[in-house]
Amino acid sequence: MSALEYSTSMSSGWLAKKITKENRVGFAILVVISIAFIYFAIATPNYLSVFNVKTIIRDAAIVGIMGIGLTFVTLSGNFFLLSMKETAALSIIVFAMGMSNDYGFIFSMLGAMSIAVLAGAFQGILIGLGGNPIIVTLGAAGILYGVASWWSDNLVIFFKRPHDAEWLGTGMVLGVPTITISFVIFAIIAELVLRKTSFGRQVYLVGANRAAGKATGHENLPMAIKTCIIASACCAFAAIAFSAQMSSAQANYFSSEFGSSGDLTILVIATVMVAGNSIMGGYGSVLRTSLGAVFISATDNLMVLQGFNSGARVLSVGLMIVLSILIFAYVRRDSRSEG
Amino acid sequence: MCDVTQGQRGKTMNLIKQKLTELDPDLLFAVILSLCVFSFFAFSNPLFFTLNAGFSIMERFAVLGLVGLALTLCIIAGEIDLSIGSNAALSAVIVVRLTDSMGAFPAIGIGVLCATLIGLAQGYLIAYLKVRAIVLTVGTLMLLRGVALFAADEKTVMLTDFRMTDFIQEKIWIFFSPASLLVILLFIIVGVFIKYTKYGREIYAIGGARKEAIASGVNLKRPMMIVFALSGFCAGMGGAIIGLRSGTAQPLALQYLLLAATVAAFIGGVNILGGKGSVIGAAVGVLTVNFLNTGLVYNVTPSYVVQIYLGVLLLIVIVFQTLSILYDKGKQRRLLLHDTALTKQKMMDAYKSVLK
């Protein structure tokens, strides 16, 4: 690099350095989307109120927590789990059964968590041995959902209102819902784990370059088991929070009618993908996932306030996923080796 | 006299042995599994082994066969199309909405054309952007649901005159209906296409050895577009048949198709690494799933328990396949080590002889 080139690149500033020839299209679309979003946000009455912003983040919390778990799997290069909502369904049934039989919050939660961890470990072993993550989790999804429905006879399980899980479902701390706080705590812990601990760095290594990981003694088998367990445990926690809020549970709570936004699993995958985590692994962060969850929730909320039906909202989430895939794939088209 | 018969018996035994070794072991496994499932239900439930049950199995074959065929083709090309269920639901909505005003056949044409074009676009994008199909199709899975919801005004769409589409399930020759005959014809055409034509062989090539195929001059776009267009066509056709048969279409339905079709494809002997599998295998796999499905329905099993069976079946097949891949890898490694040891020995010998 000559001295002249060096000086121009120094003087041209931060933004110009970020906008290279390759990602110009991506930046243009990003700018258009943000301008459109800001315009509609200002034009919609009651959108930018403190109450509504709180609602947006609260809505983002459950999907966001599951997305944080899935980020680990995606970063470690194991694509995504198609069994997210089914793991949540089984956990919610176990939790509600425990609550309705008066085992108390702690034991019910432990039961739900351990079932989820078992499910995650089982899938992780199969994936780590070389099974395709999509196919394995598709099969596991059928089993988990089937077991959840069969166990609960496909009925709604209620538990009476004064119960000791209320602090998690509907409780507030300093005017902020507990579930929002736990979302933030989850995000911070996960980000710290990924950045500062050796386990977090190993996740990136295995995801970015599996051969290099293997050569340095970090096989995919333990990594897949650990990340699948983390993802499933996050699913279980989200399910418990949801159940504590509803004081009831049914196996199909997380199926297609969830929040009228289509399939919960796909929604979780969307939160991971929209903010640009690389699906091939090794690139991305929990911060991106959290922002993706908040962005999707904000858009959804905006469209509700503008009076759109569920079709348009599902369509918009689908468009978001496809557009982000297309943009990121186009930007990275030449820099990435054949997957 | 005795000698002659024994000789003949030996000859026939040899012939059978030869035929058996020529057979694909995966296909053999699929056939045996499907016979086991069939005979289990045939013996346990007297209603199952009747002509009517045969007809209902063939009716299920019409839909699941199409989707299973679509998924088999994708997996042969080394990719997975997750958007099959959404594509089928969209096509069902379009067909049911248009049948009232246009008649059944133009409506089917438009619905299937839409699905095919969607598949074609997906294939083009996958090849052009070099993304994995899983990544793109998980997005279109949601996008097409949204489009289907939009097209149906978020309602369940219904025909006004249900008699209009009765022709699709008229009985022909005891077992068949126009729908299942059409699907069987499609299986034959696609089977011939992927086995005996150049474009069909390219699909196997990009699945089994993509880099080598590209290096030897296969344009990735063409087979990818063909595969996904066929997949879209099959999904659309399946959706159209479901929609017309029941006279209704729900934009959020048909999610179960993906699991059932995946099970069918994997029983039929496809390999997740691509380049392996056949249309006959797909047919046998679909029949197995249909025997299981129909049998469980005849035994009054709720649909979520059927899901457990399908999931367990899929995981068993996956475990076997993964173990066999691991075994092959180990064998190759041992062979390689053996070869290097031999070469080393030879070189040492040469070295010693030079020293002498």
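All of the numbers you see were taken from the coordinates with simple rules; none came from a lab. Just so it is clear, the model here is predicted, and its values are computed rather than measured. Neighbour counts are summed over all protein chains in view; Cβ atoms, including those assigned to glycine, are modelled from backbone coordinates with ideal geometry.
With N residues in the protein assembly as shown, what two-decimal value do you get for its Cα radius of gyration over 2.2 N^0.38 Å?
Compactness ratio reported: 1.04.
Explain nothing, just the number: relative contact order of the range B:26-301, from Cα pairs under 8 Å at least 6 residues apart, as a whole percent.
Relative contact order here is 41 percent.
I need A:85, B:331 ordered by Cβ neighbour count within 10 Å, fewest first.
Ascending number of Cβ neighbours within 10 Å: B:331, A:85.
Provide the net charge surrounding residue A:93, with neighbours chosen by a C-beta distance below 12 Å and charges set as Lys +1, Arg +1, Asp -1, Glu -1.
-2
Quick check: convex hull over the Cα atoms of the range B:222-356, volume per residue in Å³, rounded to an integer?
Taking only Cα atoms, the range B:222-356 has a hull volume of 161 Å³ per residue.
For chain B, what is the largest minus smallest coordinate of the Cα atoms on each principal axis, given in angstrom and ordered from greatest to least?
97, 66, 37
Using alpha carbons only, how many angstrom separate the centre of the range A:119-181 from the centre of the range B:132-166?
28
Exposure proxy check: B:48, B:175, A:51, A:72 ranked by fewest other beta carbons within 10 Å?
Lowest to highest Cβ neighbour count: A:51, B:175, B:48, A:72.
Per q in 0.27 1/Å, what log10 I(q)/I(0) does a Debye calculation on the alpha-carbon atoms of the range B:131-191 return?
Result of the Debye calculation: -0.96.
Roughly how many Å is it from the Cα centre of the range B:24-66 to that of the range B:265-294, as a whole number?
13
For the range B:202-274, what number results from the quotient of the Cα radius of gyration and 2.2 N^0.38 Å?
So the range B:202-274 has a normalised radius of gyration of 1.42.
For the range B:23-86, what log10 I(q)/I(0) values come out of the Debye formula at q = 0.23 1/Å, with one point per alpha carbon and no solvent?
-1.04
Taking all pairs of distinct Cα atoms, average 1/r, flip it, and tell me the Kirkwood hydrodynamic radius of the range A:68-168 in Å to one decimal place.
14.5
Rounded to whole Å and sorted largest first, what semi-axes of the equivalent ellipsoid does the C-alpha gyration tensor of the range B:314-356 yield via the square root of 5 times each eigenvalue?
Over the Cα atoms of the range B:314-356, the semi-axes work out to 41, 4, 4 Å.
Which of A:113, B:142, B:347 comes first, and how do the rest follow, when ranked by fewest Cβ neighbours within 10 Å?
Ordered by Cβ neighbours within 10 Å, fewest first: B:347, A:113, B:142.
Where does the range B:141-255 land on Rg/Rh, using Cα atoms and the Kirkwood Rh?
Rg divided by Rh gives 1.10.
Which value, to two decimals, describes the C-alpha radius of gyration of chain A once divided by 2.2 N^0.38 Å?
The reported ratio for this selection is 1.05.
Using alpha carbons only, how many degrees (0 to 90, rounded to 10) separate the axis of helix B:84-102 from the longest principal axis of chain B?
Computed tilt is about 30 degrees.
Work out the mean other chain Cβ neighbour count within 10 Å for the residues of B:251-262 and drop it here as an integer.
3
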